[in-house]
Amino acid sequence: MSNVLSFFRQPIVVALFLIVVLLYLGEILSPGFATGGQILRLLIVASLLGIVAAGQNVVILGGREGIDLSVGGVVSLSAIIAGNVMNGGDAGILPAIAACLAAGAFFGLLNGLGITLLRIPPLVMTLGMLGVLQGLLVVIRMGIPSGRAAPALSSFVTQPLVFGIPGIIWLWIAIGILMAFMLNRTVFGHRIYAIGSNEHAAFMAGVPVRLMRIALFMISGMFAAIAGLCLLGYSGSSFANVGEQYTLTSIIAVVFGGTSLAGGKGGYTGTMAGAILLVILQGILTTVNIDESGRQMVFGATLLLLMTFYGRGRAMRA
Amino acid sequence: VNAETFKIGLSNGWVGSEWRTQMIDEAKAAAAKWKEKGVDVEVSVQSANVDVPGQIAHIRNFIAEGVNAIIVNPNSPTAFDPIFAQAKEAGILVIATDAEVSSPDAIYVGIDQTAWGAAGAKWLAETLDGKGKVVAINGVAGHPANEMRAAGYKQVFKDFPDMQIVNEVNANWDQAQGQQAMQNILATYPDINGVLVQDGMAAGAWKSIMDAGKKDQIAATGEIRKDFIDLWIKEELNSGATVNPPGVMASALNVAVLMLQGKELKEPAKAGQYSNALYLPIPFIDSQNVQEAAKQLEGKPGHYSYTSSLSIEEAEALFK
Amino acid sequence: MSKLKLSGVSKAYGATLALRRGDLEVMAGEVHVLMGSNGSGKSTLCKIIAGSVRPDAGKILIDDTPVTITGPRSARAQGIGIFYQELSLAAHRSVEENICLAALPIKARLFVDRTALKERAARYIALFEGVSGDEFSADALVGNLRPDQRQLVEIMKALASEAPLLIFDEPTSALDRAQVERFFEILRDLKLRGRGIIFISHRMDEIKAIGDRVTIIRDGETITTLNLAETDAASVIRLMVGGAGDMPATQSSAPAVVNLADGAALTVRDLSGAGFRNISFELARGEILGFGGLHGQGQSALLRAIFGAGSISSGEIVLAGSRFDASSPRDAIRRGCAYVSGDRGRDGVISGRPILENVTPIHYLRDRLMIASPSRLRDRVAPALESMHTKFASLLHPINSLSGGNQQKVIIARWLIDRPDVLLLDDPTKGIDLSAKADLFVLIRQLASEGLGIVLYSSEDAELLGNANRILVFNGGSISRELTGAERTRYNLYQAAYEAA
Amino acid sequence: MAEIAISTTSRRAGGLRKLLERYPFLPALAIVLALLALNGIFSPNSLSYRSLTGLLSTYMALILLAIAQTYVVYAGDIDLSAGSILSLVNVAIIVLMERWEGGAGAVLLALALGLVLGLACGVVNGLVVAALRLQAIVATFATSIFFTGLALYILPVAGTPAPALFWRTYGGRLLGLPFVFYILAALIVLLLVLGRARLTTQLLAVGDDQQAAYQTGLPVVSIRIRGYLLCGLFSALAAFCITGDTASGDPLVGGKMTLYSVAAVVLGGSALSGGWGTVIGSLLGALTIGLINSVVFFMGTPSEWQNFVQGFAILIVLMAGVLAGRRARP
Ligand SMILES: Nc1ncnc2c1ncn2[C@@H]1O[C@H](COP(=O)(O)OP(=O)(O)OP(=O)(O)O)[C@@H](O)[C@H]1O
Ligand SMILES: Nc1ncnc2c1ncn2[C@@H]1O[C@H](COP(=O)(O)OP(=O)(O)OP(=O)(O)O)[C@@H](O)[C@H]1O
Ligand SMILES: [Mg+2]
Ligand SMILES: [Mg+2]
């Protein structure tokens, strides 16, 4: 009996349940919302968010108030870089991937160094880095020729690839499997949880805590870079501030997935469900014909309501 | 004429789009043109992401620097009244561009955003023969330019009783959000005929329309960026784009220099809701003249916008 | 008159039954001692009285009236003051603010009355005048104080509650003798004034010195309450540990001599660092070297430093014949060093994670693994756990589902999969029950006989006397005596520990 | 208990550290003075009485918002909705003043209601964060969306001038001195008074160690809620200043200010983890942000580099603030 109960308390189960409820609600409020093609298109949008959230997820799992507010800046930067490297030609895709990953890793490295060596709190470090990235975007957009997605990239993101499902969703599934494997079946993954749940014990057990933490921020930067690349494919051309919306939504997706902001607890499968949940919620709010002020109030209140399902802090009286 | 020297401050409080960068660049180029005429126009630029207090500080910095004129693309329509009053007190000419300001101490030189919204709606109504279902994808809710544009299209649709706006959404002038919004709308309103979407998001909306294979059934407004215009021609889209040219600041600069020279406007700036506007013409691109627009943009980067501005001579024509 | 009466109080943390059946009666004007081995539930009982832990069942009577305690505030209001074992201080606040924090004196309904605050705090600070150390002042930040001074602040804070019932949960563990003496004077005075006092300590001499009655708790259950004047240490201890009379102390002693022909496993020369100075010793392969002395005399600091987790200012360490630069635990582990800490919550347990993951981290490092294959790991992990008779339902259950002792076994097991050369045991038996202790020491001796060099620091004399081939007694951060052969007696150990303390 | 520190290694309480311990905002003050000096070097005019008055009246809103943020940060919380509360109060008082036709009585009544509104928002935040125990970062982000929606509902588009009485007072002079100086003086008195309030000590104690504070017997939940109340109150005061400085209502006016307020708190040397900080530091931190913006301009930075240099400078000063703050505390 308690097994059954605890099954229904799992964040992922809660999220999946809420997804179904929301889809149903969406279909009632605006018929056509939950049709196959539309769900697929929502999944494309969710996968963009989900890929950013993958990086956010590992940073948060790593504990010590881990959070990455610079992901939005990296997404934008990566979209701009990719657009210019490929410049509408398929030949440029591989160099673009390499350039984006390098840029994401570089800014993740800077974050990681500031956080471990100077011991700047992640929130502060990555907030500052976001400011720098926004400035950098202005600088590099000067005098660059163009920023168009390669056709192959665009169709990878938006057109059906296998079984009528676009490549990006397959990519997201692959990332999901990879993340699940990494977190559950690799030494690296176990060490992430170890530093997230008890950094000191991990240190005493020989885990290279600093290196790990730097690596996590680099991973976050690289996932944001991949998302930027895919976002370019999604929108066809790069433009400024394209990544801005991902900074806080990626954190919410992680929280909706049942990962604790305190670190060491949670996983990526839940985050995937969380990303889908968030995108469906946004989608419903777009299609329902109410005033923007009403939309925002409903959105804010629903977020709060959904949060009460997860991640409530410990009571002080044990 | 003796060599004159004018110092002009340009303030831009948001750097989130290429349009803004182009705006500053064109203004700088306009200043350079004055040099050829023997008028030394020195521009001093403040352009960074700032909040409203930050942009008020821009103006204060200019006052401290002792400029002759300030041209501002304002972050808020109403927030600058007190500071503009101070600038005027200090003998500084203040011109707002791109978005109107309520201050009686400034004039606005730029396009009429209401007319901008109306132009797109008029094109859409005519294209659809005055009937059909339409959705509107707007920019940032609460932003004055956005609300004026919305007022503009609503006014037009009053004259077309068979045009029905089935939904209005906000996608924050963000291309990806515009694309997502369009995608959601297409799922729930599969039978729409037209889309009113503002620049910045139109490319995204069109992407969703094309992905859904509906580019031949739907007419939608478009953008003035080179990469969109190229796409428009290539895909033969049924589109029309009202131009909000990045050259507005350059136009404002030319007007400013002439005013600093002591010239008087033939018709004082008295238009608009704040009775301080000097409206510039709004070009419109549709399938008839899109090729010409493309010609102007040839060789430019993809994010470069179709532009127009008052030349010095055109500006002079406005003065006595 | 009965100040406080508890009956049938119980508390479970998930699967851990911290308190099974707590009964206790405290009279006005007595110092009532709680005794029980580590993890027997003393602190849990105290926290229930103080309101910071919610009991699952049981009755509480104050002055013979049944009460419900809904939280620390309500406990305070009902006349209960407490010294928390793990302290309850705000590190960035001053000494005086901490003393008065629970009831900051106010004026004009809003403001802290600084004058009243100073006055009130000064009363309690003055109680320890002369023994609280130099830089101790009313306006010092608590975070800047030494551990013993912090403990004094917590004592003052408890006294400042002026509560009729005062609870002191191990208030003396970091105090020096003079401080303890002063504290006891204060307690005696409070006793005369009719307060009821609950006092916890593991030091028999302290209990004898201050206690009137003793209640003994074993495995979360109240065993009995005795009059201290009518009993002796041996019978109290027997009650504490239960029927199993074969205490380690009565166990056959370890051999005094080991064959040193194999050479030194670990040599330490003139090592100084934070918390210890001028330490030199040599540890032979196959030897169990005991560290004795009062708690906190530099033993843990030294072990941590050797393991690369402390700070070393001078001196050298030689591991298996070559110089070892103790820069991080990672290096130490790679060089075959192992370190088991008694503070498992801080140094050991990766909370919320499966038992399996809690056993494997050292294995990952020493075998340079990348992939964690559960089936293969299970084969390595299971024997290590079994050798210690660890009780667990499944390797995939979170470690928090285990009792404290079993958690500690899991932590120890992590060091045994890949044999180390040197094993540093830093009071490793905290929270472990007797039979587990016995298992552990059998294992330790066996490991020694296989050629490991083992350093054993224990706060229990019996463990040292029963297992160490040689004992170094620490005092004030350096070695004050070495006990070998027949010198290894309880008396010598006690005397060496206390001399000049 | 941990070891007795036998040697005196941890006792090196140098003079500088003592000074920092007593006045933790000194690094922030030094940075402000340095930036003022830089401003003066590049543009002597920027140090004129008039310019400094302007600096103060422009950044008074951010100063107050940073102070608002500080009180929740004291307790180890954070409020990402502070800027939205500012917007909401801004539009609410503007609409009220207009509806009541802008006399002195109307202005005062509107301000009083604005304070109540700020407090109400604080209660909402306090309840979701402290009572419902949701994570502060995400929960206050959600409430910020809600408050923005409410602001848009009250005033769908920026506009509606404030009564002249109101903004002329704010921007004007009283007995020959700029009105903002009186505000600053009143603010400093208020902060000193609040510094002596029991609540401040309790907030800091909660931020230091929430569990310990609870075990001590402090009403932790109510203290945290009161921290959010103070935050709402100061956000409302910030809204008054921005209304005074901009003389109008704008439902989006505070959106960008939230993250700046967090940055200002860190620049001022307070620890985001709670238990340590000063409101004076946050005041200086807000000025730092303003001064960085103008230094970047007066240095003659090319326009396309301004945003980058500004972001970079803020990052560097943030690091300095954190590092200096850490030296100061135990
Ligand atoms: N004495 C200590 N006690 C507790 N934690 C510590 C101690 N010293 C360092 N740490 C923590 O451990 C981390 C540093 O560990 P370490 O130096 O092993 O990492 P690393 O240099 O990345 O690893 P490696 O040495 O293998 O390259 C830091 O995060 C620090 O907080
Ligand atoms: N918060 C908690 N969560 C889970 N288990 C706990 C918690 N607190 C205590 N325990 C467990 O409850 C048992 C009793 O612990 P308690 O602290 O009361 O022991 P104690 O007698 O005070 O020991 P010591 O002498 O070491 O202080 C132990 O097994 C401990 O691990
Ligand atoms: Mg205890
Ligand atoms: Mg290292």
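The values are calculated or read from the model by the stated rules, or taken from the named source; none is laboratory data. These numbers come from a predicted model, not from an experiment. Methodologically, a virtual Cβ is constructed for each residue, glycine included, from the backbone with ideal geometry; neighbour enumeration extends over all protein chains shown.
Among the conditions (1) away from chain A (no Cβ under 13 Å); (2) among the aromatic types (Phe, Trp, Tyr); (3) more than 15 Å from ligand 4 (Cβ to nearest atom), the only one that C:Phe324 does not satisfy is (3).
What number of residues in the stretch D:272-298 are closer than 30 Å to C:Leu89 by Cβ, facing another protein chain (nearest Cβ under 7 Å) and in a helix (DSSP H, G or I)? Of the residues in the stretch D:272-298, 0 are closer than 30 Å to C:Leu89 by Cβ, facing another protein chain (nearest Cβ under 7 Å) and in a helix (DSSP H, G or I).
Output the number of residues of the stretch A:296-318 satisfying the condition of being more than 7 Å from chain D (Cβ to nearest Cβ), assigned to a helix (DSSP H, G or I) and either touching a Leu at 6+ places or on another chain (Cβ under 7 Å) or not aliphatic (A, V, I, L, M) (or both).
Matching residues across the stretch A:296-318 total 3.
Note on the stretch B:26-43: residues that are within 25 Å of B:Phe84 (Cβ to Cβ) and part of a helix (DSSP H, G or I) total 6. Might you check whether a residue that is in a loop (DSSP other than H, G, I, E, B), among the charged types (D, E, K, R), buried (at least 21 other Cβ atoms within 10 Å of the Cβ) and modelled with pLDDT of 80 or more occurs anywhere in the stretch C:428-435? Checked against the condition, which is being in a loop (DSSP other than H, G, I, E, B), among the charged types (D, E, K, R), buried (at least 21 other Cβ atoms within 10 Å of the Cβ) and modelled with pLDDT of 80 or more, the stretch C:428-435 yields no hits at all. Collect the residues in the stretch B:42-65 that are of a type outside the set (A, V, I, L, M, F, W, C), more than 7 Å from chain D (Cβ to nearest Cβ) and either surrounded by fewer than 24 Cβ atoms within 10 Å (Cβ to Cβ) or touching a helix residue (DSSP H, G or I) at 6+ places or on another chain (Cβ under 7 Å) (or both), keeping them in residue-number order. The answer is B:Glu42, B:Ser44. Residues that are hydrophobic (A, V, I, L, M, F, W, C) and farther than 18 Å from A:Ala201 by Cβ: does the stretch C:340-353 have at least one? No.
Scanning the stretch C:399-419 turns up no residue that is at pLDDT below 85 and acidic (Asp, Glu). Of the helices (runs of 4 or more DSSP H) lying entirely inside the stretch C:333-372, those containing at least 1 residues that are at pLDDT 90 or above and farther than 24 Å from C:Ser300 by Cα are C:355-359, C:361-366.
Each row is one residue, and each column tells you yes or no for (1) touching a strand residue (DSSP E or B) at 6+ places or on another chain (Cβ under 7 Å); (2) facing another protein chain (nearest Cβ under 7 Å); (3) basic (Lys, Arg); (4) over 17 Å from D:Glu98 (Cβ atoms).
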site	(1), (2), (3), (4)
D:Ile145	no, yes, no, yes
D:Ala162	yes, no, no, no
D:Gly172	no, no, no, yes
D:Pro178	no, no, no, yes
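Residues that are more than 10 Å from ligand 3 (Cβ to nearest atom) and within 14 Å of another protein chain (Cβ to nearest Cβ): does the stretch C:29-41 have at least one?
Pass one, the stretch C:29-41, residues more than 10 Å from ligand 3 (Cβ to nearest atom): C:29-33, C:35, C:37.
Those left that are additionally within 14 Å of another protein chain (Cβ to nearest Cβ): none.
Taking every residue of the stretch C:29-41 in turn, none turns out to be more than 10 Å from ligand 3 (Cβ to nearest atom) and within 14 Å of another protein chain (Cβ to nearest Cβ).
Applying the criterion of being at pLDDT below 90, part of a helix (DSSP H, G or I) and of a type outside the set (Val, Ile, Thr) to the residues of the stretch A:139-185, the residue that is nearest to D:Thr301 (Cα to Cα) is A:Arg141. Taking the condition in contact (Cβ under 8 Å) with a residue 24 or more places away in the chain and either facing another protein chain (nearest Cβ under 9 Å) or under 17 Å from the mean Cα position of the chain (by Cα) (or both), does D:Leu323 pass? So D:Leu323 does not fit the description; no.
Can you tell me which residue in the stretch C:72-84 is farthest from ligand 3 (Cβ to nearest atom), limited to those that are part of a loop (DSSP other than H, G, I, E, B) and crowded, with 20+ Cβ neighbours inside 10 Å?
Of everything passing the filter in the stretch C:72-84, C:Gln78 is farthest from ligand 3 (Cβ to nearest atom).
Looking only at the stretch D:249-267, which residues are more than 9 Å from chain B (Cβ to nearest Cβ) and more than 10 Å from the chain's Cα centre (by Cα)? The answer is D:Leu259, D:Val266, D:Leu267. Of everything listed in (1) within 16 Å of ligand 3 (Cβ to nearest atom); (2) away from chain A (no Cβ under 12 Å), the single unmet condition for C:Arg344 is (2). Cβ-Cβ contacts under 8 Å between residues 6 or more apart (or on different chains), taken from a first residue in the stretch D:114-127 that is farther than 15 Å from D:Ala151 by Cα to a second residue that is modelled with pLDDT of 95 or more and not in a helix (DSSP H, G or I), are listed as D:Asn125/D:Asp79; D:Asn125/D:Ser81.
Okay, residues lined up against (1) away from ligand 4 (no atom under 16 Å from the Cβ); (2) touching a Gly at 6+ places or on another chain (Cβ under 9 Å); (3) within 26 Å of C:Asp427 (Cβ to Cβ); (4) among the hydrophobic types (A, V, I, L, M, F, W, C):
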position	(1), (2), (3), (4)
C:Lys5	yes, no, no, no
C:Val9	yes, yes, no, yes
C:Leu19	yes, yes, yes, yes
C:Val26	yes, yes, no, yes
C:Leu34	yes, no, yes, yes
C:Ile60	yes, no, no, yes
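Taken over the stretch A:189-201, residues that are closer than 15 Å to A:Val58 by Cβ, free of Cβ contacts under 8 Å to residues at least 12 places away in the same chain and either at the interface with chain C (Cβ under 7 Å from one of its Cβ atoms) or within 16 Å of ligand 3 (Cβ to nearest atom) (or both) amount to 1. Of the residues making up the stretch A:176-227, those that are out of contact with any Asp or Glu (no Cβ under 7 Å at 6 or more places or on another chain) and either under 21 Å from A:Tyr246 (Cβ atoms) or within 16 Å of ligand 4 (Cβ to nearest atom) (or both) number 28.
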